[in-house]
Amino acid sequence: MADRTVLITGAARRIGAAIARHLHAKQYSVVIHYNRSATEANSLADELNRIRPNSSCTVQADLMAASSYDWVIDKALELTGSLDVLVNNASVFYPTRLPQIKEPTWNEIIGTNLKAPLFLARRAAPYLEQTRGCIINITDIHGSRPLLEHSMYSVAKSGLNMLTRSLARELAPNVRVNAVSPGAIIWPAEMDDETRDSILSVIPLQRPGDPVDIASAVYFLIAEADYITGQVLPVDGGRSLSG
C-alpha cells in the first residue's frame with residue numbers, strides 16, 4: 001500500500017482525522033482536505049510526515065464553491081502523482097426546523113453533504129479508473145431513518161446513499177463505490193445526558209462507537225472487499241435493528 005494515495009475531505013478533526021491516521025498506519029499516503037480547520041489539518045499532516053516523510057499534505061477548499069472540485073483533486077494528485085481512494089467525509093450538521101428553513105440552509109447542507117461528493121467523484125473518476133481505485137462515502141443512519149428537526153441533513157444523507165449505489169453502477173467495473181453509515185460515534189457538544197441515555201437505550205450494544213470503528217470499516221471496504229460495491233455499511237452498534 002506504500003504507493004497508494006487517499007484523499008479525505010473534512011479530515012482535520014473527528015472522524016475524518018481518525019480515518020486519516022488509520023489509513024496512514026496502513027501505509028497509504030494521505031491528502032487532508034479542510035475548510036476552516038487549518039491549525040488542526042497542518043498539525044495532523046506534520047504528525048503523519050514525522051512518522052513517514054512526504055506521506056501527507058493538506059488542501060484547503062470551501063466545498064460550497066464549484067471551483068473547489070478541480071482544485072482539490074489537482075492538489076491531491078501532486079502528492080504522489082496518482083489517486084487511489086476518495087473518501088467523501090466532509091459534512092455539515094445542524095437542526096433545520098421547518099419554519100426557519102431558508103434557501104441558504106438548503107444550499108449549505110445539500111451542497112456540502114451531497115453536491116460536493118458528486119462533483120468530486122466526477123472529477124476524480126478518470127484517475128481512480130487508472131488505479132482501479134474506489135470511493136467511500138460517509139453517510140449516516142439518518143439517511144434511512146429521518147432525524148427529528150434535521151430534515152435537510154436527513155435528505156442529504158439519503159441522497160448520498162443513493163449516489164453511492166448509482167455511481168457504483170456507472171463506474172463499474174474499474175471503480176468500486178461504497179459507503180459507511182455511522183450511528184452514535186461522537187456526541188454533539190450540546191446534547192444533554194437524558195438524550196444520550198435515550199439513544200443508548202435503543203442500541204443493542206449499549207454504548208457509543210469510536211471514530212476508529214468508522215476508520216476500520218473504511219479500510220475494510222478499501223482493501224479487503226474487492227467484490228463489494230454499491231453497499232452502505234451501517235456501523236451503529238445495531239441501532240438500525242430497532243427500525
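The values are calculated or read from the model by the stated rules, or taken from the named source; none is laboratory data. These figures come from a predicted structure and were not determined experimentally. Glycine also receives a Cβ, built like all others from the backbone with ideal geometry; neighbour counts cover every protein chain displayed. Each accessible area value is taken on the protein alone, full model and side chains, heavy atoms only, with ligands, DNA and RNA left out. Shrake-Rupley method; radii C 1.70, N 1.55, O 1.52, S 1.80 Å.
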Of the residues in segment 172-192 that are assigned to a loop (DSSP other than H, G, I, E, B), modelled with pLDDT of 95 or more and touching a helix residue (DSSP H, G or I) at 6+ places or on another chain (Cβ under 6 Å), the one that is surrounded by the fewest Cβ atoms within 10 Å (Cβ to Cβ) is ASN174
Selection count where residues are more than 19 Å from ILE222 (Cβ to Cβ), aliphatic (A, V, I, L, M) and more than 19 Å from the chain's Cα centre (by Cα), scope segment 74-131: 2
Could you check segment 163-194 and list, in sequence order, the residues that are under 15 Å from the mean Cα position of the chain (by Cα) and over 26 Å from PRO204 (Cβ atoms)? LEU163, VAL177
Looking at segment 48-68, which of the residues that are farther than 14 Å from SER29 by Cβ and modelled with pLDDT of 95 or more is surrounded by the fewest Cβ atoms within 10 Å (Cβ to Cβ)? ARG50
What tally of residues in segment 194-233 results from selecting those that are more than 22 Å from ALA20 (Cβ to Cβ), open to solvent by 50 Å² or more (accessible area, probe 1.4 Å) and touching a residue at least 40 places away in the same chain (Cβ under 8 Å)? 5
Any idea which of ARG132, ARG145, ARG123 is under 22 Å from ARG169 (Cβ atoms), basic (Lys, Arg), touching a residue at least 24 places away in the same chain (Cβ under 8 Å) and surrounded by 13 or more Cβ atoms within 10 Å (Cβ to Cβ)? ARG123
Going by the structure shown, is LEU120 assigned to a helix (DSSP H, G or I), within 25 Å of GLN27 (Cα to Cα) and of a type in the set (A, V, I, L, M)? yes
Kindly evaluate ASP62 against the criterion of being of a type in the set (D, E, K, R), within 21 Å of ILE222 (Cα to Cα) and under 18 Å from the mean Cα position of the chain (by Cα). no
I'd like the full set of residues that are under 22 Å from SER166 (Cα atoms), part of a helix (DSSP H, G or I) and either of a type in the set (Ser, Thr, Tyr) or touching a strand residue (DSSP E or B) at 6+ places or on another chain (Cβ under 6 Å) (or both), limited to segment 193-243. ALA217, VAL218, TYR219, LEU221, ILE222
Of everything in segment 78-91, what is buried (at least 19 other Cβ atoms within 10 Å of the Cβ) and either over 16 Å from ALA11 (Cα atoms) or among the hydrophobic types (A, V, I, L, M, F, W, C) (or both)? Give them in sequence order. LEU79, LEU83, ASP84, VAL85, LEU86, VAL87, ALA90
In segment 19-34, how many residues are over 14 Å from ALA90 (Cβ atoms) and either assigned to a helix (DSSP H, G or I) or open to solvent by less than 30 Å² (accessible area, probe 1.4 Å) (or both)? 8
Residue tally, condition of a type outside the set (S, T, N, Q) and either open to solvent by less than 50 Å² (accessible area, probe 1.4 Å) or at pLDDT below 95 (or both), over segment 156-171: 8
So which residues in segment 36-47 are within 17 Å of ASN89 (Cα to Cα) and either in contact with a helix residue (DSSP H, G or I) (Cβ under 8 Å, 6 or more places away or on another chain) or surrounded by fewer than 18 Cβ atoms within 10 Å (Cβ to Cβ) (or both)? ARG36, ALA38, GLU40, LEU44
Report, by residue number, each residue of segment 9-18 that is open to solvent by less than 20 Å² (accessible area, probe 1.4 Å) and part of a loop (DSSP other than H, G, I, E, B). THR9, ALA11, ALA12
